[in-house]
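Take a look at the structure set out below.
Each value in this text was obtained by applying a stated rule to the coordinates, not by laboratory testing. Note that the structure is a prediction, hence the values are computed from the model and not measured. Positions of Cβ are backbone-derived with ideal geometry, glycine not excepted, and every protein chain shown enters the neighbour counts.
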Amino acid sequence: MLRALGAGALLAATGCGPIQYIANVSLEASGALVEAKQMKAEEQAPYEVTAAEEYLHKARELAGYARFQAAVAFGRKATEMAHKASRLAQSHPPGEPAPAPTKK
């Protein structure tokens with residue numbers, strides 16, 4: 001009985017990683033990056049777009065090694081940077097140079 005519960009808990013824990021990866025990386029981060037690019041954020045926020053692309057690439061690489069927890073973390077960073085790029089693209093009209101990135 002106890003062994004069956006332990007096996008069920010193990011299956012539940014391993015099953016969440018791929019599901020979180022699909023939700024956070026495949027859907028959310030990829031969609032946010034596409035949206036940023038549609039808003040021409042590459043021109044207004046090149047640093048943020050590049051960071052989002054690289055975080056997304058790393059997330060996919062880690063998922064290939066079944067390191068889903070790390071992949072999800074990089075996927076969240078990609079989403080955050082893509083949203084930031086979108087906000088910057090909205091706040092600066094096309095043709096106007098974007099401000100330099102600020103350090104925190």
**Request:** Kindly indicate the residue of segment 29-44 that is in contact with a His (Cβ under 8 Å, 6 or more places away or on another chain) and among the aliphatic types (A, V, I, L, M) and also farthest from Ala71 (Cα to Cα) among those meeting that condition.
**Result:** Ala36
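Can you tell which of Tyr47, Tyr55, Tyr65 is aromatic (Phe, Trp, Tyr) and closer than 19 Å to His92 by Cα?
The conditions single out Tyr47.
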